[in-house]
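Comments concern the structure below.
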Amino acid sequence: MADFDAIVVGSGCAGPVAAYELAKAGRSVLVVERGNVCGAKNVSGGRLYTHSLRAVFPDFAQSAPLERRIVRERISMLASAAATTLDVSDELMRDQRYESYSVLRARFDPWLAGQAEQAGAEFVNGIAVESLLKQDGRVSGVRAGEDEITADVVLLCDGVNSLLVPQAVDAGRPTPDQVAVGIKHVIGLPEKVISDRSLCADGEGMAWLFVGDATQGRIGGGFLYTNRDTISIGLVATVSDLVDADTPIYQLLDDFKRHPSVAPMIAGGTVLEHSGHLVAEGGYDAMPPLVGDGVLLAGESALMCVNAGYTVRGMDFAIAAGQQAGRSAAAALEAGDTSATGLAGYRTALEDSFVLKDLKLLRRVPRFMENTPRIFGTYPALARDAMRSLFLVDGTPMNPVRRSMLPLARRVGYLNLARDLSRGVKAL
Amino acid sequence: MSGSDPITVNVEEYLGLNKYEVDEDHAHITLADHPDPAGFGQLVQVCPAALYTLSATGEPTFDYAGCLECGTCRIVAGGGVVATWAYPRPTMGVEYRYG
């Protein structure tokens, strides 16, 4: 007889939701979290699309510590001295179906854990799972310090840098081309100032992504999310590309914050926290097996993260996967078979949901980014120069637009332009 | 881009804003005795906490105390420069107040 029906390792987005589903199904479940409090070790950009949270907790908006509802999207191509920006505001961003919020994980995660606790899940904090217990080749529990705790099924929700995944399923650690390093500052500013600068009402905010000079030509990008009285600003850069860069990631962030198109947004603010985090960017083809004998993987431990360039998503995947992992584990426990075969319904369910469908659809994006370095340097500069030819007026006689634009296109080469465009369309 | 972009940011100052419980008795990341310079150079570029640095005389220096626990150096490993990588012991390390 095992100590618990289920053990969940890690209390981020996936873990508590899985534990909530198991507890709701009447199962005994223990969540083991190495942070002193839930969220203490967790970092995201972060913006949460709430569709999957709503599917678990329909009334989340009444009590969840969310920062601002995002009602303005900006994407900038950043070149030296200039930004060319797409700015989108849309009433439908306020529609329940599409709602997204900026979040700070040290506030959000304890709330999420609280939902699972109220449903009957047990939590232990400040305990790290050092290794998995195995019996006859199947996962049978966890080892933490002197303690061995057994369970019929273990759910690994321990994040992108999981030391346990290689013990659980046939997978190595991610390779440097499959992950990006994220760096972020949380900057304090008065609530009203943030609202005004982002052209938003209090309670509502902006998500702003940057490509180009943010990473000084390296594969990656910048982000800025407005929180209630803070701004999250940072960079994400593919590790395999960054290793031979001229500028370390922390200096890239400093340069990015001082870019003339970015600096006014955070002017006068106070840096409150400096954080770092790995981001899974390898897409579908980098994912480990989701199921093993006695074990399931959900969230970033399974590298469930999608970067389409214009949207970056991980938390809504983790929540949806956590929900499904909890339900599939409960069903397997009910049927008395938590072998890989008994748990296989988890993968099938994710294949029918956006989780694996979106990951599959965008599976070519990581390779496209890698093979199209012009996105990160040439094109933002091209956009800048095109806009200069339109908007800068000094009284010299104008050129017809086609005569000022054609040399710009020729600079890249029509063939390259056509090829990059066609590849991009295919990847998306 | 030049090969010698100046470092103008003081990361240590930023790390000073974070909340840490530093495990003085136990280094959770250890390096090889004689780190390969090229591999070490890779870690200098990617570590968001600037824990891998080269001194004015070009000597590699490393301090685990300000670690953000992202795991990037574990993935890069710098051609064997990172000898062992574990999370800090329970209750130790960074404690994000915003995340």
| What does the charge dipole of segment A:1-103 about its Cα centre add up to, to the nearest 20 debye, if the Cβ of each Lys and Arg holds +1 and the Cβ of each Asp and Glu holds -1? | 140 debye
| task | In whole angstrom, note down how far apart the Cα centers of segment A:256-320 and segment A:50-95 are. | result | 15 Å
| Mean Cβ neighbour count within 10 Å, used as a protection proxy, ranking A:196-202, A:2-8 highest first | A:2-8, A:196-202
| GNM, chain A, Cα, under 10 Å: largest mean-square fluctuation among A:VAL88, A:VAL312, A:VAL153? | A:VAL88
| Taking the alpha-carbon centroid of each part, what is the distance from segment A:164-206 to segment A:411-426 in angstrom? | 30 Å
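Please give the average number of partner chain Cβ atoms lying within 10 Å of the Cβ of each residue in A:25-36, rounded to a whole number.
Numbers: counts 0, 0, 0, 0, 0, 0, 0, 0, 0, 8, 8, 6.
Mean shielding count: 2.
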| said: Under 10 Å, Cα contacts only: if you run a Gaussian network model on chain A, which one of A:GLY35, A:GLY120, A:GLY268 comes out with the highest mean-square fluctuation? | reply: A:GLY268
| field | Highest to lowest packing among A:296-303, B:92-99, scored as the average C-beta count within 10 Å | value | A:296-303, B:92-99
| task | Would you mind checking the tilt of helix B:37-46 against the longest principal axis of the Cα atoms of chain B, expressed as 0 to 90 degrees and rounded to 10? | result | 50 degrees
| field | Most to least packed among A:156-164, A:327-335 [average Cβ atoms within 10 Å] | value | A:156-164, A:327-335
| Can you flag which of A:LYS184/A:LYS357; A:LYS24/A:LYS184; A:LYS184/B:LYS19 are past 27 Å Cα-Cα? | A:LYS184/A:LYS357; A:LYS24/A:LYS184
| note | For chain A, the dipole about the Cα centre with charges only on Cβ (Lys and Arg +1, Asp and Glu -1), to the nearest 20 debye, works out at 1940 debye
| request: Using only alpha carbon pairs under 8 Å that are at least six residues apart, calculate the relative contact order of chain B and give it in whole percent. | output: 40 percent
| task | Using +1 at the Cβ of each Lys and Arg and -1 at the Cβ of each Asp and Glu in chain A, identify which of A:ILE233, A:LEU415, A:SER89 lies farthest towards the dipole's positive end. | result | A:LEU415
| Inter-chain shielding of B:62-70 (mean C-beta neighbours from other protein chains, 10 Å cut-off) | 4
| message | Given the options A:ILE127, A:PRO110, A:GLY145, identify the residue whose Cα lies farthest towards the positive end of the charge dipole of segment A:106-150 (+1 on Cβ of Lys, Arg; -1 on Cβ of Asp, Glu). | response | A:PRO110
| request: Could you tell me which of B:PRO90, A:ALA267, A:LEU392 has its Cα farthest along the dipole of the protein assembly as shown towards the positive end, charges placed at Cβ (Lys, Arg +1; Asp, Glu -1), taken about the Cα centre? | output: A:LEU392
| query | Among A:GLY276, A:GLY12, A:GLY46, which one moves the most in a GNM of chain A with springs linking Cα atoms closer than 10 Å? | reply | A:GLY276
| query | Hey, got the average number of other protein chain Cβ atoms within 10 angstrom for residues in B:81-93? | reply | 4
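Give me the percent of Cα-Cα pairs in chain B that sit more than 21 Å apart, rounded to a whole number.
On the way: 1667 of 4851 pairs.
Of the Cα pairs, 34 percent sit more than 21 Å apart.
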| request: Let me know the charge dipole size of segment A:356-428 about its Cα centre in debye, to the nearest 20, where only the beta-carbon of Lys, Arg (+1) and Asp, Glu (-1) is charged. | output: 400 debye
| remark: Averaging 1/r across every pair of distinct alpha carbons in the protein assembly as shown and inverting yields a Kirkwood hydrodynamic radius, in angstrom, of 23.9 Å
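Rule-based calculations on the coordinates, nothing more; no lab input. Bear in mind that the values here come from a model prediction, so they are computed numbers and not experimental data. Please note: Cβ atoms are built from the backbone with ideal geometry, for glycine as well, and neighbour counts cover all protein chains shown.
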